């Protein structure tokens, strides 16, 4: 089982980071819009065990090509960065995958959209993520902590605190604190604009 090792930092803008990525010779690996659907049992046994079960649909931009992946994440391991075991499985059809998970008594607890721009730098992936309500984040994922921390330093992000909470945890906290019972979080569309 692979281990996911990452550092996530909140930022105000991607401008300086994008410039720095270009300066240091990072290769742009693509842009996508993701829909992440998280599942748990009725008694929240996965949450209680600090585990996660997700179906992600990635739509590559501008091609529109879709990819569906089921991911299981194990409990977070101790250390300065977020590290956890991860197992992934590609699936052909998202609706069939959801139907299968529901037959196995997993139910949707949260769905959210994310815009992601991916870059490859050294042996790490640098993700520039935008989420509704939460804002902008830089996520650096690599094979070991030293690699991740070196890329963080290269990108001049050492002044930004590392956030170990997952996006799903951050969004659930935001929804609870704002009194929002909605569990489907999307970017606003033109239809959502005032007067529409």
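Side notes on the structure shown:
- Considering only Cα atoms, the convex hull volume of the stretch 29-163 works out to 126 Å³ per residue.
- Mean Cβ count within 10 Å, highest first, over the residues of peptides 155-163, 86-94: 155-163, 86-94
- Projected label distance in nm at residue 133 and residue 28, using a 7 Å step from Cα toward the beta-carbon: 3.1
- Residue 115 paired with residue 164, simple spin-label distance in nm, labels 7 Å along Cα-to-beta-carbon: 3.1
- Rounded to the nearest 10 degrees, the angle from helix 145-154 to the longest Cα principal axis of the chain is 60 degrees.
- Cα-projected label distance for residue 173 with residue 69, points at 7 Å along beta-carbon direction, nm: 2.5
- Gaussian network model of the chain, Cα within-10 Å springs - most flexible of 168, 151, 103: 103
- Straightening the chain between residue 61 and residue 43 buys 2.7 nm, computed as 0.36 nm per residue apart minus the Cα-Cα spacing.
- Taking 0.36 nm per residue of separation and subtracting the current Cα-Cα distance, fully stretching the chain between residue 122 and residue 77 would add 13.8 nm.
- Applying 1/(1 + (r/R0)^6) with r as the Cβ-Cβ distance of residue 107 and residue 14 and R0 = 25 angstrom yields a FRET efficiency of 0.10.
- Of the beta bridges in the chain, as assigned by DSSP with both residues counted there, near 95 percent are antiparallel.
Rule-based calculations on the coordinates, nothing more; no lab input. Note that the coordinates shown come from a computational prediction; the quantities given were computed from them, not determined experimentally. Cβ coordinates were reconstructed from backbone atoms using ideal geometry, including for glycine residues, and neighbour counts include every protein chain displayed.
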